[in-house]
Amino acid sequence: MRILIKILIIVGIIIAIPLIVALFVKKDYAVEREIVINKPKAEVFEYIKFIKNLDNYSIWNKLDPNMKKSYKGTDGTVGFVAAWESKDKNVGVGEQEIIKIAENERIDTKLRYKVPFEADDDDYMITEDAGNNQTKVKWGLKAAIPYPMNFMLLFRDMDKEVGGNLEVGLKNLKSVLEIK
């Protein structure tokens, strides 16, 4: 009986340690990357404000070419929602809604993931004049991981993981727009 109690205490401590540590781990993170595209700002913004164009440059949209997609509203306007559904665990189920547009400056969207996990993330793209018919595009994401799952942030470099995907997407965007 004493051995069983000792085992239960040890198991309890093993479970409690990550839960206690998670109390002190940050819950949110932000990632941003940028690139300069050899096209005028208005032309770049006119392309990126349409969510459907993400299919041409976003690494996430390219992960499952067979994902089911649906749309509500008018693309390129506030309130437009693009939803996706995939059996690929790296894609899952979710939707993206345009929540704010500052014409030729910035587009803000809300990413709502439903499967394989639930989350509401803020996504944005900013365009800035870089001179000589060039445009600096910044693509960013702000997200939060609730307690106790935030414990994972100790072992995952979200800046590297998410940032790497943003970098690939921006390089794809540059290629798409500079070919036009």
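The values are calculated or read from the model by the stated rules, or taken from the named source; none is laboratory data. Keep in mind the model is a prediction, meaning the values are calculated, not measured. Note that we place each Cβ from the backbone using ideal geometry, even for glycine, and neighbour counts take in every protein chain shown.
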Quick check on my filter: what residues within segment 108-129 are surrounded by 15 or more Cβ atoms within 10 Å (Cβ to Cβ) and within 14 Å of the chain's Cα centre (by Cα)? Asp108, Thr109, Lys110, Leu111, Arg112, Tyr113, Asp121, Asp122, Asp123, Tyr124, Met125
Failed condition for Glu103, given (1) more than 22 Å from Val168 (Cα to Cα); (2) among the acidic types (Asp, Glu); (3) surrounded by 14 or more Cβ atoms within 10 Å (Cβ to Cβ): (3)
Members of segment 40-64 that are surrounded by fewer than 19 Cβ atoms within 10 Å (Cβ to Cβ) and more than 18 Å from Gln96 (Cβ to Cβ): Pro40, Ala42, Glu43, Glu46
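Scan segment 1-39 residue by residue and report those that are in contact (Cβ under 8 Å) with a residue 60 or more places away in the chain, under 30 Å from Pro146 (Cα atoms) and exposed (fewer than 15 other Cβ atoms within 10 Å of the Cβ).
Of all residues in segment 1-39, those in contact (Cβ under 8 Å) with a residue 60 or more places away in the chain come to 18-19, 21-23, 25-39.
With under 30 Å from Pro146 (Cα atoms) added as a condition, the list becomes 18-19, 21-23, 25-34.
Result: Pro18, Leu19, Val21, Leu23, Lys26, Lys27, Asp28, Ala30.
Rundown of residues vs (1) in a strand (DSSP E or B); (2) within 16 Å of Glu34 (Cβ to Cβ), yes/no style:
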residue	(1), (2)
Gly76	no, no
Gln96	yes, no
Thr109	yes, no
Thr135	yes, yes
Glu167	no, yes
Lys171	no, yes
Can you name the residue in segment 112-129 that is among the aliphatic types (A, V, I, L, M) and at pLDDT 95 or above and, of all such residues, is farthest from Leu173 (Cα to Cα)? Ile126
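Is at least one residue of segment 155-169 aromatic (Phe, Trp, Tyr) and more than 13 Å from the chain's Cα centre (by Cα)? Before you say what the answer is, go through the steps one by one.
To start, the set of residues in segment 155-169 that are aromatic (Phe, Trp, Tyr) comprises 155.
Next, only the ones that are more than 13 Å from the chain's Cα centre (by Cα) stay: 155.
Yes, segment 155-169 has at least one match.
Of all residues in segment 149-180, which are of a type outside the set (A, V, I, L, M, F, W, C), surrounded by 15 or more Cβ atoms within 10 Å (Cβ to Cβ) and modelled with pLDDT under 85?
Residues of segment 149-180 that are of a type outside the set (A, V, I, L, M, F, W, C), as a first pass: 150, 156-157, 159-161, 163-165, 167, 169, 171-172, 174-175, 178, 180.
Those left that are additionally surrounded by 15 or more Cβ atoms within 10 Å (Cβ to Cβ): 150, 163, 165, 167, 169, 172, 174.
Asn150 - this is the single residue of segment 149-180 that is of a type outside the set (A, V, I, L, M, F, W, C), surrounded by 15 or more Cβ atoms within 10 Å (Cβ to Cβ) and modelled with pLDDT under 85.
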Taking the condition in a strand (DSSP E or B), at negative phi, aliphatic (A, V, I, L, M) and in contact with an Asp or Glu (Cβ under 7 Å, 6 or more places away or on another chain), does Ala143 pass? yes
Checking the condition of a type in the set (Lys, Arg), over 17 Å from the mean Cα position of the chain (by Cα) and within 20 Å of Asp120 (Cα to Cα), which residue from Lys6, Lys72, Lys41 passes? Lys72
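Tell me, yes or no, whether segment 66-76 has at least one residue that is in contact with a strand residue (DSSP E or B) (Cβ under 7 Å, 6 or more places away or on another chain), among the acidic types (Asp, Glu) and either surrounded by fewer than 17 Cβ atoms within 10 Å (Cβ to Cβ) or farther than 23 Å from Gly164 by Cβ (or both). Talk me through it step by step, then tell me what you get.
Taking segment 66-76 as the starting set, the residues that turn out to be in contact with a strand residue (DSSP E or B) (Cβ under 7 Å, 6 or more places away or on another chain) are 67-73.
After this cut, where a residue has to be among the acidic types (Asp, Glu) as well, the list is none.
Checked against the condition, which is being in contact with a strand residue (DSSP E or B) (Cβ under 7 Å, 6 or more places away or on another chain), among the acidic types (Asp, Glu) and either surrounded by fewer than 17 Cβ atoms within 10 Å (Cβ to Cβ) or farther than 23 Å from Gly164 by Cβ (or both), segment 66-76 yields no hits at all.
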